[in-house]
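*Asks:* Okay, handing you the structure first.
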Amino acid sequence: MSDQLEHEDEQDLPEQIAIRLEKRERLNKLNDAYPVALPITHSIGEVRAAHPDLDVDVATGEFVGIAGRVMFQRNTGKLCFATLQAGDGQRIQAMLSLDKVGEEQLELFKELVDLGDHLFVEGEVITSKRGELSILVNSWKMAAKTIRPMPNLHNELGEEFRVRHRYLDLIVRDRAREVVKIRAQVMASLRKTFTEDRFLEIETPMLQTIHGGASARPFKTHSNAFDTELFLRIAPELFLKRAVVGGIDRVYEINRNFRNEGADRTHSPEFAMLEAYEAYGDYNSIADLTQKLIQNAAMDVFGTHQVVLEDGTINDLGGVWPRISMFESLSEACGQKITPETPIEDLKKLAKSVDIDIEHPLHGKYVEELWEHFVKDTLVQPTFVIDFPVDTSPLTRNHRSKPGVVEKWDLYIRGYEQATGYSELVDPVVQRERFVEQVTLAAAGDPEAMKLDEDFLKALEFGMPPSGGMGMGIDRLLMSLTGLGIRETIMFPLVK
RNA sequence: GGGCCUCUAGCUCAGUUGGUUAGAGCAACGGACUUUUAAUCCGUGGGUCGUCGGUUCGAUCCCGACGGGGCCUACCA
């Protein structure tokens with residue numbers, strides 16, 4: 001297998017590449033295998049739209065110049081057919097007949113044009129005797145010569161091949177193009193909803209001297225100019241909150257986060273994250289907003305809250321999503337009352353009895369593990385799980401009335417954690433205490449625990465208004481809306 | 001990180017219980033064909049069977065290491 005097209009290697013090239021390189025040479029001698037400009041008058045889609053239902057064997061008298069990628073060729077002796085495809089997947093047939101283009105041009109077409117080439121044709125819009133909308137070609141020109149053969153269009157491409165050659169996947173597979181479009185439309189819908197609610201989009205640092213705002217292992221890098229260690233951000237949270245301190249009362253960011261953790265069907269080392277903060281909101285108002293963002297996206301993109309997933313099942317995103325208490329739903333599911341006061345020894349015993357094998361200093365960690373074991377998989381419809389343990393949520397405000405829990409929710413859709421929201425902790429003294437607890441954990445060997453971000457604490461000391469905040473994985477939102485794996489919702493996922 | 005599976009032509013895949021020359025469809029090459037729709041028909045070429053090593057008279061096949069990929073599992077969203 002050769003990945004280089006250097007001349008000295010030409011003898012070792014796959015046969016088909018060597019042949020196409022010769023054709024490229026011939027095209028360059030005749031004219032140009034890669035012309036800079038072509039007299040295109042219409043897109044393929046425009047030609048199709050202008051002639052939606054012509055009768056069989058019609059000549060319109062309209063002449064157009066179009067370009068597209070050759071997807072199929074059917075060359076007979078004196079009449080050749082080529083199916084041209086535009087970038088958006090629209091196709092039209094080109095017909096080259098001996099009496100229109102002449103013997104020389106017809107021969108050159110047969111000799112030099114391969115599947116995959118970008119071709120320009122100029123001619124009359126007609127329908128064939130079988131009724132296919134076609135361009136009856138007067139002249140043709142190579143628009144861009146392809147050196148490598150296209151993959152076989154009649155077999156499904158393997159998943160690995162598709163991920164590693166997304167450009168081919170996009171040419172060959174309608175669904176791949178659709179997903180790109182859906183993603184763009186979802187992004188537009190999210191921004192539209194935010195704009196309607198008077199949120200401002202900002203961009204905060206991706207290179208950070210201290211990583212914070214989540215618990216995850218960061219990617220490390222180094223700045224030559226500052227001669228200092230830098231981290232790719234694991235979350236934008238602490239900067240967005242600085243913005244709220246500064247008076248950007250409704251603020252959001254959609255951008256990439258990086259986490260040096262495992263990759264699987266629902267995790268990618270870099271992933272698009274949405275975070276939003278609303279001054280004078282709380283975890284209830286931000287839950288309302290989250291539901292609205294997702295429902296608007298489904299409606300804007302698919303025209304319904306009942307979205308059809310890849311496997312044909314329907315994901316019903318409609319209605320008001322239930323909010324269930326973590327402690328209450330766990331108590332109900334496991335058959336014994338679990339509260340923040342339940343001794344950790346009892347939790348450990350319960351965990352052991354259902355084969356949850358963890359050893360952790362935090363009470364809340366056991367509660368969350370037990371909840372995931374007993375309740376998580378039973379949630380299919382979108383559900384806000386509210387009121388989390390305090391000791392695993394260092395950036396969240398204590399519950400206004402329930403002791404031992406914080407005002408935090410996780411949104412679950414079809415068993416996936418889709419988003420998380422808080423009544424944000426804004427008391428700088430409590431925040432410092434929580435950070436110190438984290439640092440103590442770090443010293444105890446917990447690599448995910450946060451470092452103390454003094455500048456962030458200073459910002460809080462200048463006063464952050466009471467706020468609701470949320471974070472949502474964009475790639476996961478796409479998964480919920482389409483049923484695809486994360487490697488299909490990300491156009492170019494990381495591959496080794 | 002741990003366990004299991006996988007890698008054969010440009011693409012999708014057969015196959016060899018270890019034996020002379022590794023197959024198919026599409027793609028390519030030569031030829032025929034003025035209405036095809038994955039065009040058809042006749043003919044031809046194309047492979048370091050992931051890489052390296054071992055066992056063997058003989059390895060694409062068995063064994064080992066390495067590399068790529070997948071699934072399960074652990075951590076994270």
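The values are calculated or read from the model by the stated rules, or taken from the named source; none is laboratory data. Remember, it's a predicted structure, so these values are computed and weren't measured experimentally. Positions of Cβ are generated from backbone atoms using ideal geometry, with glycine treated the same way; all protein chains shown enter the neighbour counts. For accessibility, only protein heavy atoms count, side chains too; no ligands or nucleic acids. Shrake-Rupley method; radii C 1.70, N 1.55, O 1.52, S 1.80 Å.
*Asks:* What longest range of chain A stays clear of loop-exposed chymotrypsin sites (Phe, Trp or Tyr not before Pro) (DSSP non-H/G/I/E/B, at most 16 other C-beta within 10 angstrom)?
*Replies:* Working: sites that count: A:F219, A:F226, A:Y280, A:F462.
It runs A:1-218.
*Asks:* Something else now. May I ask you to work out the translational diffusion coefficient for chain A at 25 °C, viscosity 0.890 mPa s, via Stokes-Einstein with Rh from the Kirkwood sum over Cα pairs, reported in whole µm²/s?
*Replies:* Numbers: Rh = 26.8 Å.
In µm²/s, the coefficient is 92.
*Asks:* Taking the solvent-accessible surface of protein heavy atoms with a 1.4 Å probe, what is the per residue accessible area of the range A:53-152 in Å²?
*Replies:* Details: 4390 Å² over 100 residues.
Per-residue value: 44 Å².
*Asks:* Which residue, chosen from A:H118, A:A216, A:V179, occupies the Cα position most advanced towards the positive end of the dipole of the range A:93-244, where the dipole is computed from +1 (Lys, Arg) and -1 (Asp, Glu) charges on Cβ about the Cα centre?
*Replies:* Ranked along the dipole, the leading option is A:A216.
*Asks:* GluC sites (Glu not before Pro) within the range A:190-286: which are DSSP loop residues with at most 13 other Cβ atoms inside 10 Å?
*Replies:* Details: sites: A:E196, A:E201, A:E203, A:E229, A:E237, A:E253, A:E261, A:E270, A:E275, A:E278; in loops: A:E203, A:E261.
Listed in order of number, the matching sites are A:E203.
*Asks:* Sticking with this structure for a sec: Sort A:K145, A:K181 by accessible area with a 1.4 Å probe, largest first.
*Replies:* Numbers: A:K145 10, A:K181 135 Å².
Sorted descending by solvent-accessible area, the residues read A:K181, A:K145.
*Asks:* Roughly speaking, to the nearest percent, how much of chain A's 1.4 Å accessible area is carbon and sulfur?
*Replies:* Numbers: 12490 of 24260 Å².
Answer for chain A is 51 percent, counting heavy atoms of protein chains only.
*Asks:* Same structure again: To one decimal place, what Kirkwood hydrodynamic radius in Å is obtained for the range A:255-337 from all pairs of distinct Cα atoms?
*Replies:* Working: mean 1/r = 0.0617 Å⁻¹.
It works out to 16.2 Å.
*Asks:* What's the magnitude of the charge dipole for chain A around its Cα centre, counting Lys and Arg as +1 and Asp and Glu as -1 at the beta-carbon? Answer in Debye, nearest 20.
*Replies:* On the way: 57 positive and 81 negative charges, 122 e Å.
Approximately 580 debye in magnitude.
*Asks:* In the range A:67-127, if every C-alpha pair distance is counted and binned at 5 Å from zero, what percent goes to each bin?
*Replies:* Per 5 Å bin, starting at zero, the Cα-Cα P(r) for the range A:67-127 comes out as 4, 19, 32, 26, 14, 4, 1 percent.
*Asks:* Along the Cα-to-C-beta direction of A:K496, a point sits 7 Å from the Cα; which residues of the range A:242-261 have their amide N less than 19 Å from that point?
*Replies:* A:259-261
*Asks:* Please tell me the relative contact order of the range A:116-270 in percent, rounded to the nearest whole number, where contacts are Cα pairs under 8 Å and at least six residues apart. Spell out each step's value before the answer.
*Replies:* Working: 193 pairs, mean separation 22.7, N = 155.
For the range A:116-270, the relative contact order is 15 percent.
*Asks:* Let me ask you something else. Give me the angle, in degrees from 0 to 90, between the Cα long axis of helix A:344-353 and the longest principal axis of the Cα atoms of chain A, rounded to the nearest 10.
*Replies:* Once rounded, the angle reads 50 degrees.
*Asks:* Next up: With each pseudo-label sitting 7 Å past Cα toward Cβ, what's the A:D316-A:R175 distance in nm, one decimal?
*Replies:* 2.5
*Asks:* Moving on. Summing Lys, Arg as +1 and Asp, Glu as -1, what charge do residues with Cβ under 10 Å from the Cβ of A:W409 carry, A:W409 excluded?
*Replies:* Numbers: positive: A:R323, A:K408; negative: A:D387, A:E407, A:D410.
Charge balance in the 10 Å sphere: -1.
*Asks:* Which angle from 0 to 90°, rounded to the nearest 10, does the C-alpha axis of helix A:428-443 make with the longest principal axis of chain A?
*Replies:* 80
*Asks:* To continue, here is another question. So which of A:K29/A:K145; A:K376/A:K496; A:K29/A:K141; A:K192/A:K458 end up more than 22 Å apart by C-alpha? Intermediate values should be presented prior to the final figure.
*Replies:* Working: A:K29/A:K145 13 Å; A:K376/A:K496 32 Å; A:K29/A:K141 13 Å; A:K192/A:K458 33 Å.
Flagged as over cut-off: A:K376/A:K496; A:K192/A:K458.
*Asks:* Using helices alone, I'd like the mean residue ellipticity at 222 nm for chain A: each DSSP H run of four-plus residues gives -39500 (n - 2.57), total over residue count, nearest 500.
*Replies:* Working: 15 runs with 171 residues, N = 496.
About -10500 deg cm²/dmol.
*Asks:* Report, ordered by chain and residue number, the aspartates and glutamates lying within cross-link reach of A:K181, taken as a straight Cα distance under 17 Å and ignoring same-chain residues fewer than 8 apart.
*Replies:* By straight Cα distance, A:K181 reaches A:D88, A:D169, A:D300, A:E310, A:D475, A:E488.
*Asks:* At a Förster radius of 35 Å, what calculated FRET efficiency corresponds to the Cβ-Cβ distance of A:R48 and A:E203, to the nearest 0.05?
*Replies:* Values: r = 40 Å, r/R0 = 1.14.
It comes out at approximately 0.30.
*Asks:* For the range A:51-102, run through the trypsin sites (Lys or Arg not before Pro) and keep only the ones in DSSP coil with at most 11 other Cβ atoms within 10 Å of their Cβ.
*Replies:* When the trypsin sites (Lys or Arg not before Pro) of the range A:51-102 are filtered for loop state and at most 11 Cβ neighbours within 10 Å, A:K78 remain.
*Asks:* Gain in length, A:A263 to A:S285, computed as 0.36 nm per residue apart minus the alpha-carbon separation, to one decimal in nm? Display every interim value, and only then the final one.
*Replies:* Details: separation 22, 0.36 × 22 = 7.92 nm, distance 3.26 nm.
Difference between extended and current length: 4.7 nm.
*Asks:* Using a 7 Å offset from the Cα along the Cα-to-Cβ direction at both A:K402 and A:E132, what is the distance between the two label points in nm, to one decimal?
*Replies:* Going from the A:K402 label point to the A:E132 one covers 6.4 nm.
*Asks:* Moving on to the next point. Label A:D57 and A:R26 with points 7 Å out from Cα along Cα→Cβ: what is the distance between them in nm?
*Replies:* 3.5
*Asks:* Now for a different question. If contacts are Cα pairs under 8 angstrom and at least 6 residues apart, what is the relative contact order of chain A in percent? Show your work: numbers first, answer last.
*Replies:* Working: 916 pairs, mean separation 62.5, N = 496.
About 13 percent, as a whole number.
*Asks:* Against the longest alpha carbon principal axis of chain A, how many degrees, from 0 to 90 and to the nearest 10, is the axis of helix A:283-302 turned?
*Replies:* Approximately 10 degrees, to the nearest 10.
*Asks:* Among the aspartates and glutamates, select those whose C-alpha is under 16 Å from the C-alpha of A:K220, and discard any that sit fewer than 8 residues away in the same chain.
*Replies:* Answer for A:K220, where 16 Å is the Cα cut-off: A:E229, A:E261, A:E270, A:E448, listed by chain and number.
*Asks:* Rg and Dmax in Å for the range A:1-152, alpha carbons only: what are they?
*Replies:* Cα only, the range A:1-152: 16.1, 54 Å (Rg, Dmax).
*Asks:* Tell me the accessible surface of A:I324 in square angstrom (1.4 angstrom probe, heavy atoms of protein chains only), to the nearest ten.
*Replies:* 50
*Asks:* Here is a follow-up. If you filter the range A:345-411 for trypsin sites (Lys or Arg not before Pro), then keep DSSP loop positions with at most 15 other Cβ within 10 Å, what is left? Each step should come with its number before you reach the end.
*Replies:* Details: sites: A:K348, A:K349, A:K352, A:K365, A:K376, A:R397, A:R400, A:K408; in loops: A:R397, A:R400.
Filter output for the range A:345-411: A:R400.
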